[in-house]
């Protein structure tokens, strides 16, 4: 347990509570790693092992929150939705990741993921 639990609890007020879900954090983590290239919903579904309903509901919410952008692309003759993290999404991901690392007491390379 971290030494300064009160400071960590106070810092939690700066974190968007609507973002604190395993699925949303996994989506942001994955797209933060991919950068501007982003990924299609199909790729995210396969990589994160999520059902269509769970994936699309969370992608929609993250787009509404301004953390992801989406655009239609044609790939192998099919029109697909491509998702990428926005600068705001990347900043919020880093803020949440830092807060979680403080809460969990991890340091160094462990918190870089």
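Since every read-out is calculated from the coordinates, none of them should be taken as a lab result. The model shown is predicted, which means the values in this text are computed figures rather than measured ones. Note that each Cβ is placed from the backbone with ideal geometry, even for glycine, and that neighbours are counted across all protein chains shown.
Under the simplified labelling scheme, the residue 51-residue 94 pair shows an inter-label distance of 3.6 nm, with each label point 7 Å from Cα along Cα→Cβ.
Projection of the Cα convex hull of segment 19-103, averaged over all directions and equal to a quarter of that hull's surface, yields 5.4 nm².
Take 22-28, 76-82 and order them by the average number of nearby Cβ atoms within 10 Å per residue, most first; the result is 22-28, 76-82.
Taking the Cβ of each residue in 101, 106 as the centre, tally the other Cβ atoms inside 10 Å and list the residues starting with the fewest.
So the ranking, lowest neighbour count to highest, is 106, 101.
The simple Förster model, with R0 at 25 Å and r as the Cβ-Cβ distance, assigns residue 25 and residue 74 a FRET efficiency of 0.25.
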